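Computed from the coordinates by the stated procedures, all read-outs in this text should not be read as laboratory data. The structure displayed is predicted, hence computed values, not measured ones. Using ideal geometry, Cβ is built from the backbone for each residue, glycine included, and neighbour counts are taken over all protein chains shown.
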Amino acid sequence: MDVTIRQGIFDHAKKWVYEAGNTIRKQMQESFQVDTKSNPNDLVTEIDRSTERFFIERIRREFPAHHIVSEEGYGDNVTDAEGTIWIIDPIDGTMNFVHQKRNFAISIGIYQDGVGEIALIYNVMDDVLYTALKGEGAFRNEEPLQQLSNEVSIETSIIAMNSSLACENDRINEKKIQQLIRDSRGTRSYGSAALEFAFVAEGIVDAYLTIRLSPWDFAAGLILVREVGGVTIQSNGEPVDMLHNNTILTSNQEIQSDLLERYIDLK
């Protein structure tokens, strides 16, 4: 993607993210409907839907040739990676949004022919915006993030884990995961994949492991982590599929190799 074109797209996306975040904060002060999707714990609200519509209306107006993949179903039926694709989660961490009124994020990853070009992850309630542009590094509120250190070990690492690990015992080697919990310095679960990716990129957790994520959960985070020298792959060592659900492991390269060799054994 041409640098000037990329910057123009980024400027629009950044403006829209701040606008959407401001609207979400206002809407949270009023009552709103909460529904379920695939199961009683898979929540969606009218604010999820209205926020997604907000982005889609603006993308289609400003960039009509672009494609959209989005969580709540208002995007396009995208079957390949050709062209410019916006991958959007209007509220990543809806359960946190409903129950805690915090620890959720707007997540947007923009790809060109399968290559991640632009990432924005907005921690709405803390007013913290993580951004990245291909080849230009990653930022937290416009302050550059440092490159990830490869000198840390499992024993000095904090590992973020999604709670789905506890529900997928038919797919994982529980003994190895339990050993990882014992060997690491500590584990965390934040309830928002986008924020967990952002925290890896920021260096406040050292890896993030989860069994199942959709493209809108990881599209922006993958770019953010890449721009600070980290790597994101499926938990079986295969490359990430940007159009389908994946198992996910994201971290610096040194810990990633150790995690794959010693602790992660998908059945």
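Data overview
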| read-out | value |
| --- | --- |
| Cα convex hull volume per residue for segment 161-261 (Å³) | 93 |
| Simple spin-label estimate for Gln147 and Gln178 in nanometres, 7 Å along Cα-Cβ | 4.0 |
| Where labels lie 7 Å past Cα in the beta-carbon direction, separation of Ala65 and Thr156 in nm | 4.9 |
| Expected 222 nm ellipticity per residue - DSSP helices of 4 or more, -39500 (n - 2.57), all of the chain, to 500 | -10500 deg cm²/dmol |
| Helix 253-262 axis, angle to the chain major axis (alpha carbon atoms, nearest 10°) | 50 |
| Inverse of mean 1/r across different Cα pairs in segment 186-228, Kirkwood, Å | 10.4 |
| Unsatisfied cross-links (Cα-Cα over 26 Å) in the set Lys26/Lys134; Lys15/Lys101; Lys14/Lys101; Lys15/Lys134 | Lys26/Lys134 |
| Mean Cβ neighbour count within 10 Å, used as a protection proxy, ranking 135-141, 50-56 highest first | 50-56, 135-141 |
| Partners for Lys176 among aspartates and glutamates (Cα-Cα distance below 20 Å; same-chain residues under 8 apart left out) | Glu155, Glu168, Asp206, Glu238, Glu254, Asp258, Glu261, Asp265 |
| Karplus-derived HN-Hα couplings along segment 15-23 (A = 6.51, B = -1.76, C = 1.60, θ = phi - 60°), whole Hz, x at Gly and Pro | 4, 5, 4, 5, 4, 5, x, 5, 5 |
| Rough spin-label spacing in nm, given labels placed 7 Å along Cα→Cβ, for Arg102 and Lys15 | 3.2 |
| Rounded tilt (10° steps) of 215-226 against the dominant C-alpha axis of the chain | 70 |
| Global size of the chain as Cα Rg and Dmax, reported in angstrom | 17.7, 52 |
| Amide proton proximity set for Ile172, modelled H, under 5 Å, gap of 5+ | Lys267 |
